[in-house]
Amino acid sequence: MRKPVIFGNWKMNKTIAETVEFINAVDKEVKDNADWGIGVPYLALAKAKELAGNLNIAAENMHFKDNGAYTGEVSAEMLKEIGIEWVILGHSERRQYFGETDETVNAKTLQALKNGLTPIVCVGETLEQFEADETENVVRTQTAAALKDVCPNCIKKVVIAYEPVWAIGTGKTATNEIAQNVCAIIRDELAKLFGQEAADAVRIQYGGSVKPEGIKTLLEQPDIDGALVGGASLVADSYIAMIENLG
Ligand code: 13P
C-alpha cells in the first residue's frame, strides 16, 4: 500500500513572515492520511523547517555538484544542514525558463539520492506535445532520462510528479482519466527500468490546477498516489481543505 504524498509547491511566493503565518495556521491541522508537505523558496526554508512539526518541507531546486564556483546555487549539503529531506527537481518552469534539461534533472536526482534527500522528479508534456499525441513518448523519455543510473534500491525513495504543462496555473485540470492513464504509463516505464516490484512501490503524483474539491477522486485513481499543488497550496484554508477532503 503506497501512502499518499501531497506537496504544495509555492514557487516564487511568500516572504519569511508569510511562511511563518502559513505554517502556524496549517501545521497543527495536518493528519496522518498522507505525507503532507510544501516546497518553499530557499530563503524561508530554515524558518519553515524550524516551525513545521507535521508538514514536510521541500526545497524547490538544488545544484547537482557538491560545492564550487556556481554563483547563486544551493547544494545538497546546505539543505541538509538545515534539516531539509525533500527536494523538487525538474519542474517544467525550471525546464522552460532556467535551462533545466533531462541531463541536469538526472544529475540532480542522483545527487539528491546520494545525500539521502527524497527527490520529487517532475515530468510532463507541453500543450503542443499533448495535441500532437506525443504525451506517452515524452513522459517515458523524461522518466527514463531523469532516472538513469539510479540504483535499484534507491528507486523506491523517488517520487515522480506528472505535471502536464498545459494544466499548470491554467485552471485546466487534466481529467482524472487522462491523469490516471499517464501515471499508469509512467509506472509501466518504471517497471521496464527497475522491475514490477520496484515500480509498484514508487509514488506518483499528479500536478496541474489541483483543487481541494478534486483531491479525493484524484487519489482514488489506481496509479495516482498524490498531488503536487501550486496555487491551491498558497492559502492556508485551501491547504487545510485538502487535508480534510482527503478523509
Ligand atoms: P497549479 O496547481 O497552480 O496549476 O501548479 C501546479 C504546479 O506547477 C505544481 O508544481
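Here, each number is a calculation from the coordinates, and none is a lab measurement. Only a predicted model underlies this, so the values are computations on that prediction, with no experimental measurement involved. Neighbour counts run over all protein chains shown; Cβ positions are idealised from the backbone, glycine included.
Of all residues in segment 1-33, which are more than 16 Å from the ligand (Cβ to nearest atom), among the small types (Gly, Ala, Ser) and in contact (Cβ under 8 Å) with a residue 12 or more places away in the chain?
Result: ALA25, single match.
State all residues of segment 204-213 that are in contact (Cβ under 8 Å) with a residue 40 or more places away in the chain and either in a strand (DSSP E or B) or away from the ligand (no atom under 11 Å from the Cβ) (or both); if no residue qualifies, say none.
ILE204, GLN205, TYR206, GLY207
Looking at GLU125, is it within 15 Å of the ligand (Cβ to nearest atom), crowded, with 17+ Cβ neighbours inside 10 Å, over 30 Å from GLU21 (Cβ atoms) and charged (D, E, K, R)?
For GLU125, the condition - within 15 Å of the ligand (Cβ to nearest atom), crowded, with 17+ Cβ neighbours inside 10 Å, over 30 Å from GLU21 (Cβ atoms) and charged (D, E, K, R) - is met.
A quick yes/no check of all residues on (1) buried (at least 18 other Cβ atoms within 10 Å of the Cβ); (2) farther than 26 Å from GLU73 by Cβ:
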{"site": "ARG2", "(1), (2)": "no, yes"}
{"site": "ILE6", "(1), (2)": "yes, yes"}
{"site": "THR15", "(1), (2)": "no, no"}
{"site": "THR19", "(1), (2)": "yes, no"}
{"site": "VAL26", "(1), (2)": "yes, yes"}
{"site": "VAL30", "(1), (2)": "yes, yes"}
{"site": "ASN33", "(1), (2)": "no, yes"}
{"site": "TYR42", "(1), (2)": "no, no"}
{"site": "LEU45", "(1), (2)": "yes, no"}
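From LYS172, LYS148, LYS192, which residue is away from the ligand (no atom under 16 Å from the Cβ), outside any helix (DSSP H, G or I) and surrounded by fewer than 19 Cβ atoms within 10 Å (Cβ to Cβ)?
Going through LYS172, LYS148, LYS192 in turn, just one is away from the ligand (no atom under 16 Å from the Cβ), outside any helix (DSSP H, G or I) and surrounded by fewer than 19 Cβ atoms within 10 Å (Cβ to Cβ): LYS148.
From the list GLU213, GLU163, GLU134, pick out the single residue that is crowded, with 23+ Cβ neighbours inside 10 Å and of a type in the set (D, E, K, R).
The match here is GLU163.
Looking at segment 214-231, which of its residues are within 20 Å of GLY37 (Cβ to Cβ) and either among the basic types (Lys, Arg) or assigned to a loop (DSSP other than H, G, I, E, B) (or both)?
LYS216, ILE224, ASP225, GLY230
Name the residues in segment 90-138 that are outside any helix (DSSP H, G or I) and aliphatic (A, V, I, L, M), would you?
Once the filter is applied, which keeps residues that are outside any helix (DSSP H, G or I) and aliphatic (A, V, I, L, M), segment 90-138 yields LEU117, ILE120, VAL121, VAL123, ALA132.
Kindly list the number of the only condition in (1) free of Cβ contacts under 8 Å to residues at least 24 places away in the same chain; (2) away from the ligand (no atom under 13 Å from the Cβ) that fails for LEU219.
(1)
So which residues in segment 102-157 are in contact with a helix residue (DSSP H, G or I) (Cβ under 7 Å, 6 or more places away or on another chain) and β-branched (Val, Ile, Thr)?
VAL105, THR109, THR118, VAL121, VAL123, THR126, THR135, VAL138, VAL139, THR143, VAL150, ILE155
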